[in-house]
Amino acid sequence: MKPKRRESIVERASELFDLPGSVVSNMPKIEISGGRLILIENHRGVLEYSREEIAVNSLKSIIRIRGEGLEIKAMTANELLISGSFYGIDFEA
């Protein structure tokens, strides 16, 4: 059994005021447009990259994007734009 993680003040304030985590901290924000584009803000780098899967590091988890014909279209220190046909997005603690 994993020990219970204590919530930070930022996380509690986000929940109390019903604010998105990406607004009050460096939590990732993911936008999907038309099932063909994914924009990830507040990422911490790409861990794995293939045409079928891209793993992106974030503050508290790894974001795995699965699909077909995946391609990184643009990447800055804060944003990552991915195109392709998406099958799923998984979050690993």
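The values are calculated or read from the model by the stated rules, or taken from the named source; none is laboratory data. In this text, all values refer to a predicted model and were calculated from it rather than measured experimentally. Every residue, glycine among them, receives a Cβ derived from its backbone with ideal geometry; neighbour counts consider all protein chains shown. Surface accessibility is based on the protein's heavy atoms, side chains included, excluding ligands, DNA and RNA. Shrake-Rupley method; radii C 1.70, N 1.55, O 1.52, S 1.80 Å.
The table below lists the values:
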{"item": "Inter-site label distance for Arg66 and Arg36 at 7 Å from Cα along Cβ, in nm", "result": "2.4 nm"}
{"item": "Segment Glu79-Phe91, length gained on full extension (0.36 nm per residue, minus Cα span)", "result": "2.5 nm"}
{"item": "Nearest-10 value in Å² for the accessible area of Tyr49, using the 1.4 Å probe", "result": "120 Å²"}
